[in-house]
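Enquirer: One structure, as structure tokens, below. Some questions next.
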Amino acid sequence: MEVLETTGDVPFPMYYAGRVADTLQTKSAYRLWSPPFLKHLRRFSEELSETFYPDPSDTTTSSTSITAGIETTMYWIGEKNIWIRNPAEIREYFLSHSDLIEIARSVCEITSERVGIDSRLSLELYEDPEIDDRYLTLYVRKVKYDQGLLELLDEITAELESKISETSGWLIVTTDFRPPT
């Protein structure tokens, strides 16, 4: 049985909360709850809170707050079980088009609510092979496609198009008729 040992002020490894939860479930709980471990867990929790849940009253547009906004959105998208195909590319796109961050979150939320639980959503960066064009694409994938899906996706796009068109980037909601992975 692996035991997590901490000595002095060795920093707690920076894992996402899910990884910590997995660790806590697989380790022997009574050995983990030592005072040094709790100290590092508390510090880790505070760092996560600052990163993923920045102060909403902070209206600065510094790169730190933009990065925190990106990480908050990426974490939230993951919590909604939306697959992010290449997170580094998505982060880079959000850095270039930071005005799209909140709208992307709205698009993901509305789409996930309307397409149903039998769908798998995937946020990907599409790069056109013929011209220099890149944009975010939220793919909806189902095991069984019905006729109303394209109409539903058109409704979602029409509802949010005015907001998306005011940003420096672009995001579309579509399907490629592939099965969910």
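Enquirer: Pairs please, first residue from segment 70-90 and in contact (Cβ under 8 Å) with a residue 24 or more places away in the chain, second anywhere and basic (Lys, Arg), Cβ atoms under 6 Å, 6+ apart in sequence or on different chains.
Expert: Correct list of pairs: ILE70/ARG91; THR73/ARG105.
Enquirer: A further question follows. Go through SER122, SER112, SER106, SER98 for me and flag whichever is more than 14 Å from the chain's Cα centre (by Cα) and either more than 14 Å from ILE164 (Cβ to Cβ) or at pLDDT below 95 (or both).
Expert: After applying the criteria, what remains is SER98.
Enquirer: Which is assigned to a helix (DSSP H, G or I), surrounded by 17 or more Cβ atoms within 10 Å (Cβ to Cβ) and of a type in the set (A, V, I, L, M, F, W, C), of VAL173, VAL140, VAL107?
Expert: VAL107
Enquirer: Pairs under 7 Å by beta carbon, first residue closer than 8 Å to LEU100 by Cβ in segment 161-178, partner part of a loop (DSSP other than H, G, I, E, B) and not basic (Lys, Arg), six or more apart or different chains?
Expert: Partner pairs satisfying both residue conditions: ILE164/TRP170; THR167/HIS97; SER168/HIS97; GLY169/HIS97.
Enquirer: Would you confirm, using the coordinates I've provided, whether THR137 is of a type in the set (Ser, Thr, Tyr) and modelled with pLDDT of 95 or more?
Expert: Yes, satisfied.
Enquirer: Residues that are within 18 Å of PRO180 (Cβ to Cβ) and in contact (Cβ under 8 Å) with a residue 40 or more places away in the chain: does segment 95-116 have at least one?
Expert: Yes, there is a match, as at least one residue in segment 95-116 is within 18 Å of PRO180 (Cβ to Cβ) and in contact (Cβ under 8 Å) with a residue 40 or more places away in the chain.
Enquirer: If only one of GLU155, GLU130, GLU151 is surrounded by fewer than 13 Cβ atoms within 10 Å (Cβ to Cβ), more than 20 Å from the chain's Cα centre (by Cα) and not in a loop (DSSP other than H, G, I, E, B), which one is it?
Expert: Within the list GLU155, GLU130, GLU151, the selection yields GLU151.
Enquirer: Regarding THR167, is this residue in contact with a strand residue (DSSP E or B) (Cβ under 8 Å, 6 or more places away or on another chain), outside any helix (DSSP H, G or I) and β-branched (Val, Ile, Thr)?
Expert: No; evaluated as a whole, the condition is false for this residue.
The values are calculated or read from the model by the stated rules, or taken from the named source; none is laboratory data. Fair warning: this is a prediction, and the values are worked out from it, not measured in the lab. All Cβ positions, glycine included, derive from the backbone under ideal geometry; neighbour counts span all protein chains shown.
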